Amino acid sequence: MESKQYSSTSSSIAGAIKQRFGKKARIGALSEYERLDGKTALVTGASSGLGFATAVALARRGARVLMAVRSGIPEKGDAVRKASGSAVVEMRSVDLSDLDSVRAFAAGLRAEGASLDLLVLNAATVPAHSRKSKQGLEEMFVVNYLASFYLANLLIEGGTVRKNSGARIVVVASEAHRSSPAIDWSTFGVYQDYAMKRVVPLYGYYKHMLLSFAFELSRRLQTENAGIGVFALCPGPVNSRIARETPWFARWLVAAIFAVFFKAPAKACEPVVYLSCARSLEGRTGVYLHLMEEKAVAPATSDPENGPRLWHASQALLEQLGY
């Protein structure tokens, strides 16, 4: 049975505030010796918010960081280098709402012989209303789910994320997945118009898809003995620019709530960095953290029958579009 906690904007904000100040269990903390020296990490959506903070934190722990961003503003890379003290931070341009751009991005990494030890699928968007992508799909569906499915598979199949290398894939999801209804297979990938009131429910719906994909990917790689760990998390409420398309008349209120009650990205990225670096996770896969607590996802999300169906539907959609 789905939770109603994240089924509307007001209930989502109330739930986020409760998360922020509620009593929490903790899985532990990283030591200063759990580092990524000599390893390469790719972070999507790295130009601001949680992705930017994650890039800084991973660079501080010794990783060569590739910032996958749509805007490609050089100053962002400079800011990560300055904040982390690392010179091995590079910006890479990709538009995750455009599958052509995703394919070209993966091909570029393969052509240069890049080898990723860590892939952080962080990018997400919360539009004010429905928008069509270049391929005629709904933009939030593409950015928040399908692009991650496509990119991860391209990078694994192309050998950029190498099997039996101890590589990790970390998926930034949300507790909002618990409010999602079952996937409507009859409308999967079909563009539908929606207004602002449907944005929050759809956000949870696509995070449910993203988490279902993460658990299915984990199962498949484990079956293959591929030696790639797949992990997922909800960082809790983050004071970021994800709600920047809020209507002007409510923007000041949302900004105030975010500033007062939500975590700064530098704090909120702790579970992302933990899943990226923790030695205790070596040999493990399919772990989900809510903040810093390990817990089970919603039953429908980890359903062993739901995952394969989503995988096949996603593949079929991409093939239908010529990918």
| said: Which condition from (1) in a loop (DSSP other than H, G, I, E, B); (2) within 25 Å of Ala264 (Cβ to Cβ); (3) under 19 Å from the mean Cα position of the chain (by Cα); (4) at pLDDT 95 or above is the one that Asp95 breaks? | reply: (2)
| remark: Among (1) touching a residue at least 24 places away in the same chain (Cβ under 8 Å); (2) over 28 Å from Gly159 (Cβ atoms); (3) outside any loop (DSSP other than H, G, I, E, B), Ser130 falls short only on (3)
| note | Checked the range 191-213 for anything within 17 Å of the chain's Cα centre (by Cα) and small (Gly, Ala, Ser); matches are Gly204, Ser212
| Only one residue in Val161, Val120 is outside any loop (DSSP other than H, G, I, E, B), buried (at least 24 other Cβ atoms within 10 Å of the Cβ) and aliphatic (A, V, I, L, M). Which one? | Val120
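The rows are residues; the columns are (1) at pLDDT below 95; (2) part of a strand (DSSP E or B).
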| residue | (1), (2) |
| --- | --- |
| Ala53 | no, no |
| Val56 | no, no |
| Ala59 | no, no |
| Gly62 | no, no |
| Leu66 | no, yes |
| Gly72 | yes, no |
| Lys76 | yes, no |
| Ala83 | no, no |
| Ser86 | no, no |
| task | Could you figure out which of (1) at pLDDT below 95; (2) not in a helix (DSSP H, G or I) isn't true of Ala296? | result | (1)
| field | the range 165-188, residues that are assigned to a loop (DSSP other than H, G, I, E, B), in contact (Cβ under 8 Å) with a residue 24 or more places away in the chain and out of contact with any Leu (no Cβ under 6 Å at 6 or more places or on another chain) | value | Ser165, Gly166, Ala167, Ser174, Ser180, Pro181, Ala182, Ile183, Phe188
| For the range 29-72, what are the residues that are hydroxyl-bearing (Ser, Thr, Tyr), more than 22 Å from Ala107 (Cα to Cα), out of contact with any Lys or Arg (no Cβ under 6 Å at 6 or more places or on another chain) and surrounded by fewer than 22 Cβ atoms within 10 Å (Cβ to Cβ)? | Ser31, Tyr33
| query | Right, Lys76: surrounded by fewer than 16 Cβ atoms within 10 Å (Cβ to Cβ) and closer than 20 Å to Pro265 by Cα or not? | reply | no
| field | Those residues of the range 300-317 which are more than 14 Å from Ser186 (Cα to Cα), among the small types (Gly, Ala, Ser) and either over 20 Å from the mean Cα position of the chain (by Cα) or at pLDDT below 95 (or both), in sequence order | value | Ala300, Ser302
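One residue is enough: does the range 164-177 have a residue meeting the conditions buried (at least 22 other Cβ atoms within 10 Å of the Cβ), among the hydroxyl-bearing types (Ser, Thr, Tyr) and touching a Lys or Arg at 6+ places or on another chain (Cβ under 8 Å)? If you could, list the steps in order and put the result at the bottom.
Initial filter on the range 164-177 (buried (at least 22 other Cβ atoms within 10 Å of the Cβ)): 167-177.
Restricting the remaining residues to those that are among the hydroxyl-bearing types (Ser, Thr, Tyr) gives 174.
Subset that is touching a Lys or Arg at 6+ places or on another chain (Cβ under 8 Å): 174.
Within the range 164-177 (the criterion being buried (at least 22 other Cβ atoms within 10 Å of the Cβ), among the hydroxyl-bearing types (Ser, Thr, Tyr) and touching a Lys or Arg at 6+ places or on another chain (Cβ under 8 Å)), the answer is yes, since at least one residue qualifies.
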| Tabulated pairs, the range 208-237, first over 17 Å from Phe149 (Cβ atoms), second charged (D, E, K, R) and part of a strand (DSSP E or B), C-beta under 6 angstrom, 6+ apart or interchain | Gly229/Arg168
| Test: Ala266 is modelled with pLDDT under 85 and either in contact with a helix residue (DSSP H, G or I) (Cβ under 6 Å, 6 or more places away or on another chain) or not in a loop (DSSP other than H, G, I, E, B) (or both) | no
| Can you find a residue in the range 147-158 that is outside any helix (DSSP H, G or I) and in contact (Cβ under 8 Å) with a residue 40 or more places away in the chain? | yes
| query | Which of (1) in contact with a strand residue (DSSP E or B) (Cβ under 7 Å, 6 or more places away or on another chain); (2) crowded, with 23+ Cβ neighbours inside 10 Å; (3) closer than 26 Å to Ala107 by Cβ does Ala152 not meet, given it meets every other one? | reply | (2)
| message | Being of a type in the set (Gly, Ala, Ser), farther than 25 Å from Cys277 by Cβ, outside any helix (DSSP H, G or I) and modelled with pLDDT of 95 or more is the filter here; which residues of the range 189-241 pass it? | response | Gly189
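The values are calculated or read from the model by the stated rules, or taken from the named source; none is laboratory data. These numbers come from a predicted model, not from an experiment. With ideal geometry, Cβ positions are generated from the backbone for all residues, glycine too; neighbour counts draw on all protein chains shown.
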